[in-house]
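Student: The following block contains the structure, expressed as structure tokens.
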Amino acid sequence: MTAMCPLFQNNYIKTSKYSVLTFLPLNLFEQFQRLANFYFLCLLVLQVIPAISSLTPITTAVPLIGVLALTAVKDAYDDFQRHMSDSHVNNRHSKALRDGKLVEERWAQVQVGDVIRMENDQFVAADVLLLSTSEPNGLCFIETAELDGETNLKCRQCLVETAEMGQDDARIGAFDGEIICETPNNLLNKFEGTLTWKGKRYSLDNDKVVLRGCVLRNTQWCYGVVIFAGKDTKLMQNSGKTKFKRTSIDRLLNFIIIGSSRVTAPSVRTLTRVVWFLVLFQIVFFLLSMCLFCMIACGIWETITGRYFQVYLPWDTLVPSEPLGGATVIALLVFFSYAIVLNTVVPISLYVSVEVIRFAQSFLINWDEKMYYEKSGTAAKARTTTLNEELGQIEYIFSDKTGTLTQNIMTFNKCSIAARCYGDIIDETTNDVIEVTEHTPHLDFSNNPNYEPEFRFYDSTLLQAVRKGDEDVHSFFRLLALCHTVMGQREVYELLCILDFNNVRKRMSVILRRNGQLRLYCKGADNVIYERLKAGNRELKTKTQEHLNKFAGEGLRTLCLAVRDLDEVFFNNWKHRHQEAAVSMENRDEKLDAIYEEIETDMTLLGATAIEDKLQDGVPQAIANLAMADIKMWVLTGDKQETAINIGYSCQLLTDEMVDIFIVDAHTFDEVELQLIKLRESIRSVAKQQSAPTARVRISARVQRGGERKRGRLRCRHQRPFVGPRSPPPTRETVPGAAHIGVGISGQEGMQAVLASDYSIAQFRFLERLLLVHGRWSYYRMCKFLRYFFYKNFAFTLCHFWFAFWCGFSAQTVFDPMFISVYNLFYTSLPVLGLGIFDQDVSDRYSLMYPQLYTPGHSNLLFNKKEFLRSALHGFFTSCVLFLIPYGTYKDGVSPKGYVLSDHMLLGSVVATILVIVVTAQIALDTSYWTVFNHFMVWGSVVWYFVLQYSYNYIIGGRYVGSLSMAMQEATFWFTTVITVIVLMIPVLAWRFYFVDVRPTLSDRVRLKQRLAQLRSRQSQDVLRTPSARRTRRSIRSGYAFAHQEGFGRLITSGKIMRKLPRPNGDFFFPPFNHSGPSSTFTSHLPTGSFDDTSDI
């Protein structure tokens, strides 16, 4: 073989990023590209300067190094796995022809142009052109699971001319063909090339190529010549960088914390609604403002007071002795000092905590047994850990129909043959169509050895026509058998040409010869076939079109069948031009389409088929619930308009409550825009007539494929968050990758969509639970986590700000430096992680029962500029009370034993202890759902604080040793702690009780309903257990079946001895519960009816 280009890639692959020498510098470079890491590195550099920092660099170095080390270990492990995988692949062995002999070669040594031998169950080393195989007609079978996830076998066939070489190593080694083909690309299903050999040119396509990563199956051996190797193979071309997706909360955090994150086109409403606020009020801006205030105050204090204390606190040598100049220099240094002291407003542990929470939430999705599909043994899987909370903010769903909403199992349902409709059961007396039910008897096809037991057909007239030998019916099924895989009576045909199907042609044809007669059989979409029918037969066309409309109205998918007899001379001339187009290297597809057009004309209509693709279980209920959650859904389908509308009603995408259905059927952008403007005016007029602010309508759009695809995708990127559920085929597998969140559904055709998705599920109905339960919980937990995290860090950090008023704004810290270092790592990390992983306001059952609970995510109600400001102000107030009450208590304080309590270290220890208790009490109030883990994390963190404090100070020898012990020996400490906790917790409780009582949210009401239901359940169990306690009591009944004396009828009918049973609505009659007690306060604000639907709430 000879090649056109002198240089080709070798077959060595490298997917790893680092080596031993480059790991440390490259990994650190990547990590410091994150703005948060770079920000804390700058703070660490400032802390190293003694004239600036009043804190030891350990306070920043410990958490920063910890985060960098954890990330580096993870990256190193991942890259080590890639190294191992590369080594394993590169050292696989393959047999290559060298000088006419087969020798063992490592994959890495295989070159372009080599002829290699592949054997059964062996991986293919490179992209190869098949030369010969062990199977008849040059066939071989491959499995492409590593390429597209499909485990079903695919067939490949080599050229007949090269297949004759068999496994003759000498002949194959002397192969000297010239291959001209396309440049390396990532298109798995397309290949164009030509082979020039022995003076002839042969067309090469994807069916003659076996790709790297495939496994040879059911084929003893095959030979192939390497055309692409290493990085040029299609497998490696598809292993590019994955698109990095970030949630709206990620973008919000970057703006809050850093304020300099690069902004691209705003894809979610979050960005447009909070950008102005966050630009003006970000944490960095707030931090710099406090530093500026402290700098000015320090300059004033040093000018007025500080210069007279130089005998006790001498200025540094770099400070000028002149009072005004010295105060100015000190103030400038203090600015940077407070930038260090107050940087814990947003610690680096925030990012680590967020990733841990997302990682744990992903496991909760994977472990959800209610999203496990038993038939296929497939569980839901989170293929990413960065988008969980975005699942709780979805406003649009773009979905395919076939294989996503439907089962993708096509069942022959009805047909039209020679203007006669088959498939309906007709009542002989009334001539009406009888509806098919489960009890309707079906036809018995067991006399056919190839029949399928699951197939159901009910119209006996079609079977009778087949048995009578009706020529039209036999021609109809003969076309299906030759253009499809329908089993029937064996007939031998010579296959001359296949005119394959694609999305533009919307049809496929085969040309066959039998008994010297040439015939073209064609099937395709009705509009495509009708355009290519010969003139005449108007009655047949009209009647068949009526049947097609009827089938479409019933939601069935239709195809038209046509046939054409060909002349031998005409076909030979056409075949010659077809060969020229097939070997063309420029615009091959366009040339072939033009050639196909020439022969697919003047056809005779045979009839039409109508097949049914049933909806998956639970699809209508899932779509209805998603619609109640205010999620808009768009479905892509290639069906006829009537079929699409019928299926829309079947799956609850269209409902009878909608006022009208508007059709958008334009083909250009301007025409579509004009139609939409007119429809908007119609919607407004309908809304006015309905006396309502909005009218429920649905727009059905007909999309033109091809040229508008790119523009459509660009428009989608500027929409609100949307999810793209998708199942195969691979022509649309990029939909999940382009969506904000891609959800792949493992369908009948393979796993391509799953491999390209962020989340995978087995059935569409599981999307309801993925969004309304896991998505809402993830968003709820993350927002609650962030609100509490900012609160506790503002409360912690601003204590230094209040202390500045009593230390001359000298940047002296109130806490022990070690406490500052581990506050977020050890003392408060576990409770907030428990909150972010396990908390839930309502159970999964009520989340599905009341889909409106999902809507807060659409408006970012749970974490936005208002909630952030509220958390910051709460922390601001908490820090003020935390510092001022202990300071007022211990200022000039003396214990009963005469010990002086007005000590800086003692005050710092007291404030730190009360801080830990207060933030722990706050998270206990914030926790709505308690588990064993929450109890362990919340209460264990308080115990852990005291254990670490005593261990560090007494065992290691900390600077604050004995301070906390001395404080805890006095009643003053306990009194101060109780007072501070009460002052801080009472307003929070009052605020929450007020809003729950006066202005309850939907979540508050549903949560109350859930609690009442749990209470009723416990009470019903108590009532039903009552008879067991009375088994020893004598039974009140007559001693005979029919007593001769008066029985106990009156006593029984009076109800005095009857147990209180539940009412039909599930309530129990307990007067004290309904007329008095705390519960009456809540129930008075709820509707008196049941909570069977959300209208009651």
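The values are calculated or read from the model by the stated rules, or taken from the named source; none is laboratory data. Everything numeric in this text was worked out from a predicted model, so none of it was measured. For neighbour counting, all protein chains shown are included, and Cβ atoms are generated from backbone atoms with ideal geometry for every residue, glycine included. Just the protein is used for accessible areas: all its heavy atoms, side chains included, with ligands, DNA and RNA removed. Shrake-Rupley method; radii C 1.70, N 1.55, O 1.52, S 1.80 Å.
Student: Given V988, V983, V900, which one is without any contact (Cβ under 8 Å) to a residue 24 or more places away in the chain, open to solvent by 10 Å² or more (accessible area, probe 1.4 Å) and farther than 15 Å from V832 by Cβ? Quick ask: steps written out before the conclusion?
Tutor: Numbers: V988 fails: without any contact (Cβ under 8 Å) to a residue 24 or more places away in the chain; V983 fails: without any contact (Cβ under 8 Å) to a residue 24 or more places away in the chain.
On inspection, the qualifying residue turns out to be V900.
Student: Does L131 satisfy the condition of being surrounded by 17 or more Cβ atoms within 10 Å (Cβ to Cβ) and under 20 Å from D114 (Cα atoms)?
Tutor: Details: surrounded by 17 or more Cβ atoms within 10 Å (Cβ to Cβ): yes; under 20 Å from D114 (Cα atoms): yes.
So L131 passes the test.
Student: Out of the range 352-380, which residues are surrounded by 18 or more Cβ atoms within 10 Å (Cβ to Cβ) and either at pLDDT below 90 or within 27 Å of L825 (Cβ to Cβ) (or both)?
Tutor: Selection gives V352, S353, V354, I357, R358, Q361, S362, T378.
Student: Further question on the same structure: May I ask you to list pairs of residues, at least six apart or on different chains, whose Cβ atoms are under 9 Å apart, with the first in the range 655-668 being under 25 Å from A622 (Cα atoms) and the second being in a loop (DSSP other than H, G, I, E, B) and open to solvent by 60 Å² or more (accessible area, probe 1.4 Å)?
Tutor: Listed pairs, sorted by first residue: T655/R696; E657/R696; M658/R696; V659/Q690; V659/R696; I663/R702.
Student: It is to be established whether one or more residues within the range 578-586 are free of Cβ contacts under 8 Å to residues at least 24 places away in the same chain, more than 16 Å from C415 (Cα to Cα), charged (D, E, K, R) and open to solvent by 50 Å² or more (accessible area, probe 1.4 Å).
Tutor: There is at least one residue in the range 578-586 that is free of Cβ contacts under 8 Å to residues at least 24 places away in the same chain, more than 16 Å from C415 (Cα to Cα), charged (D, E, K, R) and open to solvent by 50 Å² or more (accessible area, probe 1.4 Å).
Student: Do you know which residues across the range 750-792 are on the phi < 0 side of the Ramachandran plot and not in a helix (DSSP H, G or I)? Outline the logic, then answer.
Tutor: Keep residues of the range 750-792 that are on the phi < 0 side of the Ramachandran plot, which gives 751-792.
Once the filter is applied, which keeps residues that are on the phi < 0 side of the Ramachandran plot and not in a helix (DSSP H, G or I), the range 750-792 yields M751, A756, S757, D758, Y759, S760, I761, A762, Q763, F764, R765.
Student: Within the range 303-327, how many residues turn out to be open to solvent by less than 20 Å² (accessible area, probe 1.4 Å) and either hydroxyl-bearing (S, T, Y) or touching a residue at least 24 places away in the same chain (Cβ under 8 Å) (or both)? Please lay out each step first, then the result.
Tutor: To start, the set of residues in the range 303-327 that are open to solvent by less than 20 Å² (accessible area, probe 1.4 Å) comprises 306, 319, 326-327.
Now drop any that are not either hydroxyl-bearing (S, T, Y) or touching a residue at least 24 places away in the same chain (Cβ under 8 Å) (or both), which leaves 306, 326-327.
Going through the range 303-327 one residue at a time, the tally reaches 3.
Student: Farther than 18 Å from T813 by Cβ, buried (at least 16 other Cβ atoms within 10 Å of the Cβ) and either of a type in the set (A, V, I, L, M) or modelled with pLDDT of 90 or more (or both): does that describe L915? Show your work before the answer.
Tutor: Values: farther than 18 Å from T813 by Cβ: no; buried (at least 16 other Cβ atoms within 10 Å of the Cβ): yes; either of a type in the set (A, V, I, L, M) or modelled with pLDDT of 90 or more (or both): yes.
Taking the combined requirement at face value, the residue does not satisfy it.
Student: Which members of the range 950-967 meet the condition of being without any contact (Cβ under 8 Å) to a residue 40 or more places away in the chain and either within 18 Å of V919 (Cα to Cα) or part of a helix (DSSP H, G or I) (or both)? Break it down stepwise before answering.
Tutor: Step one: of the range 950-967, the residues without any contact (Cβ under 8 Å) to a residue 40 or more places away in the chain are 950-951, 953-957, 961-962, 965.
Listed by number, the residues that qualify are Y950, S951, N953, Y954, I955, I956, S965.
Student: For the list (1) closer than 30 Å to A629 by Cα; (2) open to solvent by less than 10 Å² (accessible area, probe 1.4 Å); (3) assigned to a loop (DSSP other than H, G, I, E, B), I need the number of the one condition that T813 fails.
Tutor: T813 satisfies all of (1) closer than 30 Å to A629 by Cα; (2) open to solvent by less than 10 Å² (accessible area, probe 1.4 Å); (3) assigned to a loop (DSSP other than H, G, I, E, B) except (1).
Student: List pairs: first residue in the range 35-59 and on the phi > 0 side of the Ramachandran plot, second residue modelled with pLDDT of 80 or more and charged (D, E, K, R) anywhere in the structure, Cβ distance under 7 angstrom, at least six positions apart or on different chains.
Tutor: Short answer, once both residue conditions are applied: none.
Student: Of (1) assigned to a helix (DSSP H, G or I); (2) crowded, with 18+ Cβ neighbours inside 10 Å, H935 satisfies all except one. Which?
Tutor: (2)
Student: Has the range 425-437 got any residue that is assigned by the TED database to the domain that holds R588, surrounded by 15 or more Cβ atoms within 10 Å (Cβ to Cβ) and of a type in the set (D, E)?
Tutor: no
Student: May I ask you to list the residues in the range 503-515 that are within 18 Å of L566 (Cβ to Cβ) and either open to solvent by 60 Å² or more (accessible area, probe 1.4 Å) or touching an Asp or Glu at 6+ places or on another chain (Cβ under 8 Å) (or both)? Break it down stepwise before answering.
Tutor: Of the residues in the range 503-515, the ones within 18 Å of L566 (Cβ to Cβ) are 507-515.
Answer for the range 503-515, where residues must be within 18 Å of L566 (Cβ to Cβ) and either open to solvent by 60 Å² or more (accessible area, probe 1.4 Å) or touching an Asp or Glu at 6+ places or on another chain (Cβ under 8 Å) (or both): R507, M508, S509, L512, R513, R514, N515.
Student: Regarding D613, is this residue touching a residue at least 12 places away in the same chain (Cβ under 8 Å), assigned to a strand (DSSP E or B), at negative phi and of a type outside the set (S, T, Y)?
Tutor: Working: touching a residue at least 12 places away in the same chain (Cβ under 8 Å): yes; assigned to a strand (DSSP E or B): yes; at negative phi: yes; of a type outside the set (S, T, Y): yes.
When the stated conditions are applied, D613 passes them.
Student: What do you reckon, is S871 part of a helix (DSSP H, G or I), surrounded by 23 or more Cβ atoms within 10 Å (Cβ to Cβ) and out of contact with any Ser or Thr (no Cβ under 7 Å at 6 or more places or on another chain)?
Tutor: Working: part of a helix (DSSP H, G or I): yes; surrounded by 23 or more Cβ atoms within 10 Å (Cβ to Cβ): no; out of contact with any Ser or Thr (no Cβ under 7 Å at 6 or more places or on another chain): yes.
Against the criterion (part of a helix (DSSP H, G or I), surrounded by 23 or more Cβ atoms within 10 Å (Cβ to Cβ) and out of contact with any Ser or Thr (no Cβ under 7 Å at 6 or more places or on another chain)), S871 does not qualify.
Student: For residues in the range 539-575 being basic (K, R) and outside any helix (DSSP H, G or I), which is least open to solvent (accessible area, probe 1.4 Å)?
Tutor: The extreme case among them is R564.
This table checks each residue for (1) at pLDDT 90 or above; (2) of a type in the set (A, V, I, L, M).
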position: A419; (1), (2): yes, yes
position: T430; (1), (2): no, no
position: D472; (1), (2): yes, no
position: L482; (1), (2): no, yes
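Student: Quick check on the range 1-26: of everything there that is hydrophobic (A, V, I, L, M, F, W, C) and at pLDDT 85 or above, which residue is surrounded by the most Cβ atoms within 10 Å (Cβ to Cβ)? First the steps, then the outcome.
Tutor: Taking the range 1-26 first, the residues hydrophobic (A, V, I, L, M, F, W, C) are 1, 3-5, 7-8, 13, 20-21, 23-24, 26.
The next check asks that each one be at pLDDT 85 or above; those that pass are 13, 20-21, 23-24, 26.
Numbers: I13: 21, V20: 6, L21: 8, F23: 16, L24: 12, L26: 15.
So the residue we want is I13.
Student: What are the residues in the range 991-1026 that are surrounded by 11 or more Cβ atoms within 10 Å (Cβ to Cβ), within 36 Å of the chain's Cα centre (by Cα) and of a type in the set (K, R), if any?
Tutor: Answer for the range 991-1026, where residues must be surrounded by 11 or more Cβ atoms within 10 Å (Cβ to Cβ), within 36 Å of the chain's Cα centre (by Cα) and of a type in the set (K, R): R992, R1005, R1007, K1009, R1011.
Student: Another question about this same structure. Please determine, by comparing only the residues of the range 615-646 that are modelled with pLDDT under 85 and touching a strand residue (DSSP E or B) at 6+ places or on another chain (Cβ under 8 Å), which one is least open to solvent (accessible area, probe 1.4 Å). Lay out the reasoning, then the answer.
Tutor: Our first condition is that a residue be modelled with pLDDT under 85; within the range 615-646, this holds for 636-646.
Okay, now just the ones that are also touching a strand residue (DSSP E or B) at 6+ places or on another chain (Cβ under 8 Å), so 636-637, 639-641, 643-645.
Numbers: L636: 70, T637: 46, D639: 32, K640: 51, Q641: 64, T643: 2, A644: 31, I645: 43 Å².
Here the residue is T643.
Student: Oh, and also: Does the range 163-209 hold any residues that are within 17 Å of D500 (Cβ to Cβ), part of a loop (DSSP other than H, G, I, E, B) and open to solvent by 20 Å² or more (accessible area, probe 1.4 Å), and which are they?
Tutor: Result: L187, L188, N189, K190, E192, D205.
Student: Is there any pair with a first residue in the range 454-476 that is on the phi > 0 side of the Ramachandran plot and a second that is among the β-branched types (V, I, T) and open to solvent by 40 Å² or more (accessible area, probe 1.4 Å) whose Cβ atoms are under 8 Å apart and which are 6 or more apart or on different chains, and what are they?
Tutor: If the second residue must be among the β-branched types (V, I, T) and open to solvent by 40 Å² or more (accessible area, probe 1.4 Å), no pairs are left.
Student: Check V160 against each of (1) open to solvent by 20 Å² or more (accessible area, probe 1.4 Å); (2) touching a residue at least 24 places away in the same chain (Cβ under 8 Å); (3) hydrophobic (A, V, I, L, M, F, W, C); (4) farther than 20 Å from S94 by Cβ and name the one condition it does not meet.
Tutor: Of (1) open to solvent by 20 Å² or more (accessible area, probe 1.4 Å); (2) touching a residue at least 24 places away in the same chain (Cβ under 8 Å); (3) hydrophobic (A, V, I, L, M, F, W, C); (4) farther than 20 Å from S94 by Cβ, only one is false for V160: (2).
Student: Going by the structure shown, is I434 more than 28 Å from A481 (Cβ to Cβ) and in contact with a strand residue (DSSP E or B) (Cβ under 6 Å, 6 or more places away or on another chain)? Working first, answer last.
Tutor: Values: more than 28 Å from A481 (Cβ to Cβ): yes; in contact with a strand residue (DSSP E or B) (Cβ under 6 Å, 6 or more places away or on another chain): yes.
It is true that I434 is more than 28 Å from A481 (Cβ to Cβ) and in contact with a strand residue (DSSP E or B) (Cβ under 6 Å, 6 or more places away or on another chain).
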